[in-house]
Structures are given as structure tokens and as C-alpha cells.
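The values are calculated or read from the model by the stated rules, or taken from the named source; none is laboratory data. These figures come from a predicted structure and were not determined experimentally. Glycine also receives a Cβ, built like all others from the backbone with ideal geometry; neighbour counts cover every protein chain displayed. Each accessible area value is taken on the protein alone, full model and side chains, heavy atoms only, with ligands, DNA and RNA left out. Shrake-Rupley method; radii C 1.70, N 1.55, O 1.52, S 1.80 Å.
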Amino acid sequence: MFFGRSCYLRIGKAIAFEPTSHLFEHPLTCVELAAFFSSFSSKSSDPSSDFDSKIKARSVESDDFDATSNGYDGVGKLGAPDLGDWSFLGSTKNDCEDDQSSKFDIFDDIEEHGEEEKDSDDDDDDLMVLGSSNRVHEQKENFVRVEGDEDEFRHPLVREVCRLLELRSGWNPKLEGQLRNLLRSLKARQVCAVLRSQADERVALEFFYWADRQWRYKHYPVVYYAMLEVLSKTKLCQGAKRVLRLMARRGIERSPEAFGYVMVSYSRAGKLRHAMRVLTLMQKAGVELNVSICNNAIHALVMGNKLEKALRVLERMQLVGIAPNVVTYNCLIKGYCEVHRVEDALELIDEMPSRGCPPDKVSYYTVMGFLCKEKRVKEVRELVEKMTKDGGLLPDQVTYNNLVHMLSKHGYGDEAVEFLREAEEKGFRFDKVGYSAIVHSFCKDGRIDMAKEIVNDMFSKGCTPDVVTYTAVLNGYCRLGKVDQAKKMLQHMYKHGCKPNTVSYTALLNGLCRSQNSLEAREMMNTSEEEWWTPNAITYSVLMHGLRREGKLVEACDMVREMVNKGFLPNPVEINLLIQSLCREGKINEAKRFMEECLNKGCAVNVVNFTTVIHGYCQKDDLETALSLLDDMYLSNKHPDAITYTTVINALGKKGRIQEATKLMIEMLGKGLDPTPVTYRTVIHWYCQTGRVDDLVKLLEKMFLRQNCKTAYNQVIEKLCSFGKLEEADKLLGKVLRTASRVDAKTCHVLMDSYLRKGTPLSAYKVACRMFNRNLIPDLKLCEKVTKRLMSEGNSKEADNLMLRFVERGCLSHQHQEHLQS
């Protein structure tokens, strides 16, 4: 029973003047009263810690694993119940975020360093913890690992909780009350099963937070570890950090495995520096390192392409007395293979026995996979022999399965068959999965005959092909354009008692669409209910693209509508392809209506889709509608990007509406968008064409503040030259010659050549002199043309001076100069 806030106040007044002995006659009142006052406390410690020592609200047996007690003899979590928070999935905040405990404030320091990862190979500060102690304590397992038990997952309580969580979109007080009652009946193993059963890990995390806030309930320590394990498989590193912080606040002992889960989550999120700082957190928390956490660090570094740092971690492990195990070396072997240093990986395998850790089969499998990927198949056979001879590891069923799958995956079906035959000679038997991998490999290469031989071989060995095997062959026929054979294969599947599934029919529909028979594919999908198969999102997408490629855009749009009505939403790429097709046909209004319809149906329409429609209107010279749609983007919470603005600016420039284009460009910069190279080229082109060079220079200076373009003025000068505006180009030459680069020399050559074509070689001569003054050597052949034109016009002094400049630079001999003058 929960009391409102006014009830708490009345209770406080009622018992304030009563003797203490009367107070303890009502233990539940004491609990609720303590919870009320603890809600006003600003201390960082657990508000129930002092009260637990005085009041025992519930006693439990030491071997009881009931989640309502969490293994503690005190009461559950004390705190004012939140009766108004019915939507526990609406926020990731929880009371642990207000914790100011010095034990775990180091996690706040992580966030203060910013989000950018600035790893340096020379910076080993994050690894210094490995060298800070010369004595390693043996770490005991201080938590109980609860493995996923199928019985727990099928437990009625677990299934009912999962059902209620699926209804979170329509959450109400009644459903939360049911969930709260179920929570108090769950045991720790069942809570862990609920967390692991969630398809969306964010829902599991929010359920964990919500349960932690409930009255008279505490998580068992094992639940924290289960939550961390779930989060370690995701990029939700902030959630993992908060769970670890909550463990510190609850006084739950944290093992290296807990920190390891957080490290793995940071690594998955791409925050390598943060992952490495977990080692420092362990040191400050007084948790000793062990080989498991070191392996996590090495693996994180390897996945972050920091192999050298991973090797330094290995060295420091050995210095402090942590003996590497085979997992350590396997991580490094993978690291060597990732950077294409397979020889070093093989050398490490050879050294492992002398280091007291012989390699296992995984060590060899890792290198084999890399060799298959790099098409070094011959070396795979040599490595198998080496594994047997040097490593003393005989190939077993797992070895041959891995070899067959790796070779088949990378298109080496013949070699996979060789290992298959070798394994069968040794008495090993392959299942449908192994055979199907080889069949799929042959079908991808278009070798249907070989695939059929493998299928016949399966029958002879007593291994009946399944739907995956048949579908691979069916898809192979479709890839070759043999749709009739694919149809016969479908009937063959029915004959042999193998019912085709959605993937089988989708492959056939794809073959029909690629052979320009999309209407037949449409009819086949209409009979899906009669054939007892259900189209999925891929099926609809295949048919939609088939209709689109054949120009049947109306039918393609109808297919998308049917797809949405069935609950399958097309992605932005599929929507954009259809919009582009409509725009190419000149059906811009239809494209706009189709996009708006998708938006209203909840499809993920993005800025690219809007930009495509806007570009269609611009191509149609309907700028008013394009500008209107640009404004409508904000109403749909779709913010235009630089490409959107550039599209409209280009259309305005084409119509000579430079003032509006300038206004739109300034608006784009005000939105914090960086101009792209295409934006620069567009603005420069239209401003130069209209001769508004001064306005262009002012606008470029504003654009430089957002995104500098080193070649902007080069483009301006060259564009002015192309329009014959040489005087304006010459005025900007000083801005180009500031850097005196090769690009600047090319621009000067363009201007000189333009002056020659205009018949003013003296101006070209002046440009060449300015280049010499900036230590740029003009093109000799071009200058020879300038010299001849100067001589023909009677400017021999300037011609001699130009050639003399080349002689002074050592680029021309006196004999050559005299030859030119003659």
C-alpha cells in the first residue's frame, strides 16, 4: 500500500510526539516514513543504508534466491514511490545519476574529455595502470554468473512480463500495476531471463531502471551482471557506465568482469580512448587486473586498428606477472591478420609453445580465414598440414566445417569440395549446412551443374537437401536468367516434400523482374495466400524495383502503398529511387504527392527525398514550388542540407535571380551549414557570368568563415577568363599569388593564354613578370609564344627581359635565347 505525500505529512505529525517504542510497533510506517525523509536527502550514500541497520522489514534465508530480497537482510529500495511516472520507457534517467559518490566520479571525467577520439601511438597514459604494480593479487570470483536457461525463458512469469513490455507503446497505470506485481514474484534468474529476452536492448535497460526504482525491491548482484552482459553486445556504453555506477552506489562488489563489459561496450561504440580508461577506473576502485580484462583491452585495441598498443599491453602484462593465455595470443593473431601481416601471425604461432601457451585450433582458423579472404588458397592446405605436424592438432569435424564454410564464402567451391571429400574419407559426415554452403558458392559463380552434382551427392549420402539448399539452386538459375528452370525447381521442391518458403519465392520473383516479367511476378505474389507463403519487406521491394525498372511507375507506387498497408515501410533509398524515376518522366507533382503520402504513413522520408523533388521542380523551371517545398521541409522537421540549398541557388542563378540566390546563400550559412565544393563552383559560375565580381568577393569571404576553399579565387579567375572578363580576373590575381603554388601557376597560365587569344601579349608579359616576382616559373613554351608576339608588335625590350628572367633562373641557355631572338 502506497501513501500520498499528504499522508506522509500526517503520519509525521502524528508520531512526532509519541514515544519511540510506539514507533517500532508499526514497521511498515517506519519504512515509508524513512523513505519520505530520504527523498529530501542530498547525501550521496544510499538512503536505505542507515535505516537497514535498524529496521528489518523482511527476513530471508541465506540460500533463498528470491529477487524480492536481493540477498540482503534489510528492506528493499527505500524511496518515495513515483506514482505519476507511468511511462517508464520515456527516460533513461534514474536516481543513480544524482550520485556524487567519490568512488565513481571518475566516469564523469571521461565525459569531460569530449567526444572526439584522439589516440596517439606515443601516448601510453591509459596503459600505465598495467605497470603501476609489481604484485598481482589473485582475483576471486565474487559474483554468480547466471547462464540463460531455456526453462527460465519459457517460465509463465517471464513470458507475461515480456508480453507487458511489448505493450509499452500503450502504457497505462493498470499495466504498470500488473508489471509491478509480477516483478515482486520474479526470482533473480527470471529477471535475468527477461533482460536477455528483449530484442531491443534499450527496452531491457529501461526495464532494469524501472525495476530498480520500485518499492520494496532490489536487484540481486547477478542481475547487474546480466544487464552489463546484455549491454556489452551493443553500443549503449552510456547505459553500461550508469549500471556500473549504480553498482558502486548500491555497495555491490564489482569484479574485473563488470569493468570488462563496460570496456567492450565502449569499444563497440568506437570510443577506444574511453574503453582504455576503464583500466584506470579499476585501479581507482581498488579492483585488481586479471588476464580477462587485459584480453578485453587487447581485443579493443585490435579492433580499433591499434596493434602496436596491443603489443605494448602484452609486454606490460608480462612485467606485472599476468600470464597471457591462448585468448590473448589469438587476439594478437587476429590483429596481425587485420593489418595484412600474416607472416608475423604465423611467427607468433610458432613462438607460442616456447612462451608456455601452445596454440589452439582457433589460432590456426584465424589465419586460415584471412588466407581465404586474400585468395591464398594454396597456403591454407599448407597451414592445415602445419597444424597437424607442428601443433599436434588433428583436424576434426569442426576444422573441416570451418574450412568448407570459409572457402565457400569466398568463392572457392572446388577447394571446399576437396576438403569435403578428405573429411568423408576420414569418417566425418557433413550435414545440410555444409553442403548448402558449397552449393551456394557454385551458384554464385554460375556453375549450376556443379551445384546439382553436390545435391545429387547429398541424396546418395543420405543427407536430404532442405529449403536452403534448393533455394540456392533456384536463385542460381534466376541469376543466369533461366527463369523457366527456376520454376521447375520450385515444383521439384514440392515433389520431394520440401515446401518453398518466402525466401524461395522472393528469389523467383526477383528472377522474373530481372527478365522483364514483373507483371507475372505480381500475379504470383497475389496468389501467395493460396500457396501458403507470406511476402516480406524484401519481396515487396523486389517487385517494386522490377516495376520501376520497366517504367510501370503507377503500379510501383501502388505496390509501395500495399507494402505500407501490410506493415512494411520502405527505406529512404527505395523511396528516392521511385521519386527519381517519376521526376525523369516529368511527373514532378506525382513525385511530390507520393513523397508526402509516404511521410504521412510514417515512412522514413529524409532530406535526400525532399532534395530530389526540389531538383525536379528546378529542372522544370518551377522555382516558386521549389522554394515553397524548401520552406515546407522545416514544417516536416526535415532540415535542408548544403546540397538542397545548392540545388535551389543554382536554379536561381540560371534564371538571373542573383539577389535571391545571395539571400539564400546567407541563410544557408546562418543555419550553420558548410558550403561544399559544388556550392563554391555554383556561386562562382553565376556571379562571374553576370559580372558581379565585387559582390562575389564579399560573399566568398563570408563562405570562407564556414568552410575555406583554397582554390576559390583560382576558380573565379579561370571562370572570368572563360567569359572573357580579363580585366576583372587581373584585379584578383594578387589574391592568387599569395600562396604561389602549382595551382596558382596554372591559373596564371590560363590568364596569360586568354590575353594572347585576345591579342594583348603585353598584359600576358606582365602576368609572367608577377609570377617571377613570386618565385613561380611560368611555362616556357607559353612564354615563347608571348615573346614572339611581343617581337612582332615591336616590344623587343619586354621580349628580351622575359627570356632574360629564364636565363637568370637557369631555365634557359644564352644560345637558346639568341636563337629565339633571331
*With the full set of protein chains in place, find how many percent of the accessible area of the range 696-822 is carbon and sulfur; take the probe as 1.4 Å.*
49
*asked:* Quick check on packing: order 370-378, 676-684, 173-181 by the mean number of other C-beta atoms within 10 Å, highest mean leading.
replied: 676-684, 370-378, 173-181
*Taking K and R as +1 and D and E as -1, what net charge do the other residues with C-beta under 12 Å from the C-beta of residue 638 add up to?*
-4
*Report the far tail of the P(r) of the range 539-593, meaning the percent of Cα-Cα pairs longer than 15 Å.*
39
*In Å, descending, principal axis extents of the Cα set of the range 477-548*: 36, 26, 16
*For residue 769 and residue 663, compute 0.36 nm times the residue count separating them, minus their Cα-Cα distance, and round to one decimal in nm.*
34.2 nm
*Using the Karplus curve 6.51 cos²θ - 1.76 cosθ + 1.60 with θ = phi - 60°, work out ³J(HN,Hα) for each residue of the range 653-659 in order, rounded to whole Hz, and write x for Gly and Pro.*
x, 5, 8, x, 8, 5, 4
*Per-pair calculated FRET efficiency, R0 = 22 Å: residue 167 and residue 235 via Cβ, rounded to 0.05*: 0.25
_If I take R0 = 22 Å and measure r between the Cβ atoms of residue 681 and residue 809 in this structure, what FRET efficiency does the formula 1/(1 + (r/R0)^6) give, to the nearest 0.05?_
0.05
*In sequence order, what are the phi-derived ³J(HN,Hα) couplings for the range 428-444 according to the Karplus relation 6.51 cos²θ - 1.76 cosθ + 1.60 with θ = phi - 60°, rounded to whole Hz, with x for glycine and proline?*
7, 10, 9, 9, 5, 5, x, 4, 5, 4, 5, 4, 5, 5, 5, 5, 4
*Sorted by accessible area (1.4 Å probe), largest first, how do 289, 780 line up?*
780, 289
*Would you list 292, 169, 232 from the most to the least accessible area, probe 1.4 Å?*
169, 292, 232
*Considering only protein heavy atoms and a 1.4 Å probe, what is the carbon-and-sulfur percentage of the accessible area of the range 249-367?*
50
*For residue 187, distant residues with modelled amide H under 5 Å away*: 67
*What's the tally of Lys pairs in the range 163-272 whose alpha-carbon atoms lie under 16 angstrom apart, where the two lysines are 8 or more places apart or on different chains?*
5
*What does the accessible area per residue of the range 365-423 come to in Å², with a 1.4 Å probe and no ligands, DNA or RNA counted?*
47
*Rank 727, 424, 531 by accessible area, highest first, at a 1.4 Å probe radius?*
727, 531, 424
*Sort 302-310, 736-744 for me by packing, meaning the mean count of neighbouring Cβ atoms within 10 Å per residue, highest on top.*
302-310, 736-744
*For the range 427-473, taking Cα atoms only, what is the radius of gyration to one decimal and the Dmax to the nearest whole Å?*
9.7, 31
*Candidate lysines - alpha carbon under 19 Å from residue 638, same-chain residues fewer than 8 apart omitted*: 592, 601, 671
*Hey, can you find the accessible area per residue of the range 620-674 for me, probe 1.4 Å, expressed in square angstrom?*
50
_Modelling each spin label as a point 7 Å along the Cα-to-Cβ direction, I'd like the residue 708/residue 519 distance in nm, to one decimal._
6.2
*How large is the accessible surface per residue of the range 712-822, computed with a 1.4 Å probe and reported in Å² as a whole number?*
53
*Which percent of the accessible heavy-atom area of the range 539-668 goes to carbon and sulfur, probe 1.4 angstrom?*
48
*Cβ-derived FRET efficiency at R0 56 Å, residue 323 paired with residue 537, nearest 0.05*: 0.65
*Pairs 389/461; 409/432; 654/719; 735/788; 409/444; 309/373: which are spaced more than 20 Å apart, C-alpha to C-alpha?*
389/461; 735/788; 309/373
*Could you point to the residue in 489, 517, 569 farthest towards the positive end of the range 468-569's charge dipole, with +1 and -1 charges on the Cβ of Lys/Arg and Asp/Glu respectively?*
489
_Over the Cα atoms of the range 229-293, what radius of gyration and what Dmax do you get, in Å?_
10.8, 30
*Segment residue 453-residue 791, length gained on full extension (0.36 nm per residue, minus Cα span)*: 113.3 nm
*Accessible area of residue 785, 1.4 Å probe, to the nearest 10 Å²?*
120
*Report the convex hull volume per residue for the range 630-722, counting only C-alpha atoms, in Å³.*
83
*How much accessible surface area, in Å² rounded to 10, belongs to the heavy atoms of residue 171 with a 1.4 Å probe?*
40
*Once fully extended, how much extra length lies between residue 350 and residue 150, figured as 0.36 nm per residue of separation less the alpha-carbon to alpha-carbon distance?*
67.8 nm
